[in-house]
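Have a look at the structure below, then the notes.
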Amino acid sequence: MRRLIVLALIGLAAQLVDGSLGMAYGVTSTSLLLMFGIAPAVASASVHMAEVVTTAASGVSHIRFGNVDKQVVLKLIIPGSIGAFIGAYFLGSIPGDIVKPYVSFFLLLLGVYVIYRFLFKFNPSSQIAKTNMGKKHFVPLGFIAGFFDATGGGGWGPIATPVLLTSGKMEPRKVIGSVDTSEFAIAVSSTLGFLITLGWTQIHLQWVVALMIGGIIAAPIAAWLVKIIPTNLLGTLVGGIIILTNIRTLLGALDVSYTTSLYTYSVLATLWLAAVVNVIWKQRKAITIS
């Protein structure tokens, strides 16, 4: 029961992040599950099964609010689904102890990526170009984001959303809405891939339900948070959480000494704090100038 409550809280926290940023549900959930000692394939499979429900609810909401470009969704879901299925099959076929450090390293890189994008590149108020991205952009983007989403337990939003946002060719709200809506197909494909390789016996349905419940509860709260917390600040906070949770797994795999681990945590925490302070300072400066 205690573990189920913890999983529900993880689902709640992850949905708060995802609902506010349009990304990072999978990365946040999987990072925390790995920290609790759950095998990478089982963690990713559980997260994606929960996402089948949470992404469906999110997609319906975005469609109702007119935040979805249906053409973009159609261009993303086919290559994304193929990449997700291959990624799930690949991860599910490898022993968990071997792949766990690599998955954590990938998630750590995603954390750095998220911080970089939201600290330096993300600008939701920028002017949007009136041109459309071609299929040659969506096919590799969808496949790569889908593959790494399945293998890392998250990555669809952190890869697809910033790329589309920084392209300057789509309205931000439609980027987030389209990526969130298309993620339903990615979650389904990943789940099918994991079920083929792992089978139902490896999936703890209680964990999945707990993650779902937490996500459903958090959805309306996230919609409120997005109105009061600056996106750049929230993105920077999330990136730091992802980095710190996954560096623990990496240091453990490398059998690093306690002193070195403590020093590493201190340095990363200091850099993270500096990034957060920098975002807050920029936000206040912008308000003062305006």
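The values are calculated or read from the model by the stated rules, or taken from the named source; none is laboratory data. Being a predicted model, the structure only gives us computed values, none of them experimental. Reconstructed Cβ throughout: ideal geometry from the backbone, glycine too, with neighbour counts over all protein chains shown.
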Across (1) at pLDDT below 80; (2) of a type outside the set (A, V, I, L, M); (3) buried (at least 17 other Cβ atoms within 10 Å of the Cβ), Gly142 clears everything bar (1)
Within the stretch 160-171, residues over 15 Å from Asp18 (Cβ atoms), assigned to a helix (DSSP H, G or I) and at pLDDT below 80 come out as Val163, Leu165, Thr166, Ser167
Can you say whether Val279 is farther than 21 Å from Phe36 by Cα, surrounded by 15 or more Cβ atoms within 10 Å (Cβ to Cβ) and over 20 Å from the mean Cα position of the chain (by Cα), as far as the supplied structure shows? yes
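Let's see how each residue does on (1) aromatic (Phe, Trp, Tyr); (2) in contact with a helix residue (DSSP H, G or I) (Cβ under 8 Å, 6 or more places away or on another chain); (3) modelled with pLDDT of 80 or more:
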site	(1), (2), (3)
Leu9	no, yes, yes
Leu21	no, yes, no
Phe36	yes, yes, no
Val52	no, yes, yes
Ala84	no, yes, yes
Ala88	no, yes, yes
Val99	no, yes, no
Leu108	no, yes, yes
Going through the stretch 240-253 in order, the residues found to be without any contact (Cβ under 8 Å) to a residue 40 or more places away in the chain and surrounded by fewer than 16 Cβ atoms within 10 Å (Cβ to Cβ) are Gly252
